[in-house]
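Undergrad: The structure's right below; bear with me while I get my questions together.
Here, each number is a calculation from the coordinates, and none is a lab measurement. Predicted model, so just to flag it, every value in this text is computed and none were measured. Note that each Cβ is placed from the backbone with ideal geometry, even for glycine, and that neighbours are counted across all protein chains shown.
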Amino acid sequence: MIKDNLQEVERRITAACERAGRNRDEVLLVAVSKTKPVEMLRCAYDAGTRNFGENKPQEIKEKYPLMEKDVKWHMIGHLQRNKIKYIIDKVCMIHSVDSVRLAEAINEEAEKHGIVMPVLVEVNVAREASKYGIMPEETETFIRQISVFSHICVQGLMTIAPFTENPEENRGYFRDLYKLYVDIKAKNIDNVNMCNLSMGMTGDYEVAIEEGATMVRVGTGIFGERFYSLT
């Protein structure tokens, strides 16, 4: 049951914040609703969820008109430049900027709509060949390159840590990304507002919170692996 799952996730987030000496309101829960039908999103909405994360622009485009207007949509998956136009006026943030060309294309679409799009830079902190993202040592230079675009605003970093059965194995990666986040924040780069650190998913979000995450992206922990009764 989605409501029960959300309550359990909330309990765990609160406990992780307490262990880390943080306030609960420092962490935003993004419910990852990719591949899930609108009926399941509505259950989460009715239970109080307002932030939903999607991997594909097409799903955002299809679900957007079917959900209430106070829903905040997060684009968390790899984004192709030719798909930006479908979501630029629908999402509150793009979590997965990993190239100057993508940042430039987002900037162009945002300018057409007269908006400034908040973005996060995706960092491949574990250096996995199968993952997208900027290498940690290249991140500051990359941020300086894209900070010149007036219709995007870099608001922090994002990473997808390795899949592991033991979340403690990812603690070092989260710690490293937090250090990078703090270092770049201290540089006070123009048009950069380092206020968000998006890291941690269903298997490791508690560890991510203990290491400084301000956003966690939880899908399976809320919606389950497969479709099931909505009661």
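Undergrad: In deg cm²/dmol and to the nearest 500, what is the mean residue ellipticity at 222 nm of the chain if only DSSP H runs of at least 4 residues count, each as -39500 (n - 2.57), divided by the residue total?
TA: Values: 9 runs with 86 residues, N = 231.
Mean residue ellipticity at 222 nm (helix-derived): -11000 deg cm²/dmol.
Undergrad: While we're here: Over the Cα atoms of segment 1-101, what Rg and Dmax result, in angstrom?
TA: Cα only, segment 1-101: 14.9, 43 Å (Rg, Dmax).
Undergrad: Continuing with this model, one more query. Note down the net charge around Asn124, summing +1 for each Lys or Arg and -1 for each Asp or Glu among other residues with Cβ under 14 Å from its Cβ.
TA: On the way: positive: Arg127, Lys131; negative: Asp98, Glu122, Glu128, Glu137, Glu138, Asp176.
Net local charge, Asn124 excluded: -4.
Undergrad: Also, I was wondering about something else. Could you compute the net charge surrounding Glu10? Neighbours are other residues with a C-beta less than 13 Å from the C-beta of Glu10; K and R count +1, D and E count -1. Spell out each step's value before the answer.
TA: Numbers: positive: Lys3, Arg11, Arg12, Arg24; negative: Asp4, Glu8, Glu18, Asp25, Glu206.
Around Glu10, the surrounding residues sum to -1.
Undergrad: Can you give the local net charge around Cys195? Use residues other than it whose beta-carbon is closer than 12 angstrom to its beta-carbon, Lys and Arg +1, Asp and Glu -1.
TA: Details: positive: Lys185; negative: Glu26.
Local net charge: 0.
Undergrad: Just going by the charge dipole of segment 1-129, with Lys and Arg at +1 and Asp and Glu at -1 on Cβ, which of Gln80, Thr35, Leu120 is farthest out on the positive end?
TA: Of Gln80, Thr35, Leu120, it is Thr35.
Undergrad: Kindly flag which residue pairs out of Lys69/Lys131; Lys3/Lys85; Lys63/Lys112; Lys34/Lys187; Lys3/Lys61; Lys85/Lys187 have an alpha-carbon separation exceeding 30 Å in this structure.
TA: Working: Lys69/Lys131 33 Å; Lys3/Lys85 33 Å; Lys63/Lys112 23 Å; Lys34/Lys187 35 Å; Lys3/Lys61 25 Å; Lys85/Lys187 32 Å.
Long pairs (Cα-Cα over 30 Å): Lys69/Lys131; Lys3/Lys85; Lys34/Lys187; Lys85/Lys187.
Undergrad: Related question: Going by Cα centres, segment 66-124 and segment 1-52 are how many Å apart?
TA: One Cα centre to the other: 22 Å.
Undergrad: When only Cα pairs under 8 Å and 6 or more residues apart are kept, what is the percent relative contact order across segment 1-123?
TA: Numbers: 153 pairs, mean separation 22.1, N = 123.
Rounded, it is 18 percent for segment 1-123.
Undergrad: Next question. With charges set only on the Cβ (+1 for Lys and Arg, -1 for Asp and Glu), what does the dipole of the chain come to about its Cα centre, in debye to the nearest 20?
TA: Details: 31 positive and 35 negative charges, 101 e Å.
It works out to roughly 480 debye.
Undergrad: I would also like to ask the following. Taking the highest mean first, how do the peptides 69-79, 12-22 order by number of other beta carbon atoms within 10 angstrom per residue? Provide the component values of the computation, followed by the final result.
TA: Numbers: 69-79: 19.1, 12-22: 15.3.
Most protected by this proxy first, the peptides run 69-79, 12-22.
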